[in-house]
Amino acid sequence: EVQLVESGGGLVKPGGSLRLSCAASGFTFTNAWMSWVRRAPGKGLEWVGRIKSKTDGGTTDYAAPVKGRFTISRDDSKNTLYLQMNSLKTEDTAVYYCTTGGGAKLDYWGQGTLVTVSS
Amino acid sequence: QSVLTQPPSASGTPGQRVTISCSGSSSNIGNNYVYWYQQLPGTAPKLLIYRNNQRPSGVPDRFSVSKSGTSASLAISGLRSEDEADYYCAAWDDSLSGPVFGGGTKVTVL
């Protein structure tokens, strides 16, 4: 059974940083492209970015609102995906989901972790 | 503002058919597959339909989709109380080089 478990969310002040983790199990993480998607309060889903598998280059892509501030990385030895968020803004407040897949087809989702950016 | 446009809400009585529209452009729906996600209250989104009209294992055939040009729609036939959820359409956007979502449609079973 595929499991994705996010952690690391919390309350942070504007301008601050936070790192989210996503522990994966039940599939071959090394071969998987992974993405982060968020849902802000009262709004719809928004793609944050993705990371390809190392065999496909391991490169990352980001949505325009987070490019230059957020960094996605992976540790295949730990089956873990990360999202480093810097220079956080109030509009980054959202539930952040870890997902399998690197395009519009996102097969499995974690339960999400809440990030609140507020002074 | 979401790139794909969905109505904010839809409703029906048990057994009825409900349809949700999703409007985009040539850079997304018009040129790529459309995907649909279901988010039940308090849970994570779940892939409901992929590659225009394929259903993952366990998704009943009461859910079906259609696509024409730059628009798509999701139909739920034989509406049941457990179908109360938020539904999102998604597609890859060639201009933005990333997937885009609709704003979501909340389906209420009256």
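The values are calculated or read from the model by the stated rules, or taken from the named source; none is laboratory data. Just so we're clear, the structure is a prediction, and the values are computed from it rather than from any experiment. Note that we place each Cβ from the backbone using ideal geometry, even for glycine, and neighbour counts take in every protein chain shown. Note: areas computed on protein heavy atoms with side chains; ligands, DNA, RNA excluded. Shrake-Rupley method; radii C 1.70, N 1.55, O 1.52, S 1.80 Å.
Worth a mention:
- Per-selection Rg to Rh, the protein assembly as shown - Cα, Kirkwood hydrodynamic radius: 0.97
- The residues of chain A expose on average 45 square angstrom of accessible surface per residue, using a 1.4 Å probe on protein heavy atoms.
- Simple Cβ-charge dipole of chain B, Lys/Arg +1 and Asp/Glu -1, about Cα centre, in debye nearest 20: 200
- Note on B:Val3: accessible area approximately 70 square angstrom, rounded to 10, probe 1.4 Å, nucleic acids and ligands left out.
- Local electrostatic count at B:Thr108 - Lys and Arg +1, Asp and Glu -1, tallied over other residues with Cβ under 13 Å: -2
- Reachable aspartates and glutamates, given that their alpha-carbon falls under 16 Å from the alpha-carbon of A:Lys89 and they are not under 8 places away in the same chain: A:Glu46
- Highest-MSF residue in chain B out of B:Gly24, B:Gly42, B:Gly69 [GNM, Cα springs under 10 Å]: B:Gly42
- Charge dipole magnitude, Cβ of K and R +1, D and E -1 - the range B:50-97, Cα centre, debye nearest 20: 240
- For the range A:43-103, the alpha carbon convex hull comes to 97 Å³ per residue, rounded to a whole number.
- Note on chain A: the alpha carbon radius of gyration divided by the globular reference 2.2 N^0.38 Å gives 0.99.
- Exposure of B:Ser21 as accessible area (Å², to 10), given a probe of 1.4 Å and all protein chains: 60
- All other residues whose Cβ lies under 15 angstrom from that of A:Asp76 are scored, Lys and Arg at +1 and Asp and Glu at -1, for a net of +2.
- Two numbers describe the Cα atoms of the range B:3-51: Rg and Dmax, which are 12.9, 37 Å.
- Summing Lys and Arg as +1 and Asp and Glu as -1 over all other residues whose Cβ lies under 15 Å from the Cβ of A:Gly101 gives a net charge of +3.
- Model label zone, B:Leu110; criterion: amide N under 17 Å from point 7 Å along Cα-to-beta-carbon; scope the range B:17-55: B:17-20
- Two-decimal log10 I(q)/I(0) for chain B, as the Debye equation yields it once each C-alpha is a single scatterer, q = 0.10, 0.12, 0.15, 0.22 Å⁻¹: -0.25, -0.36, -0.57, -1.19
- Rounded to the nearest 5, the antiparallel percentage of DSSP beta bridges internal to the protein assembly as shown is 90%.
- Here the label points at A:Lys43 and B:Glu82, each 7 Å from Cα along the C-beta direction, are separated by 3.3 nm in the simple model.
- Within chain A: Cβ-based charge dipole about Cα centre, in debye rounded to nearest 20 (Lys, Arg +1; Asp, Glu -1): 300
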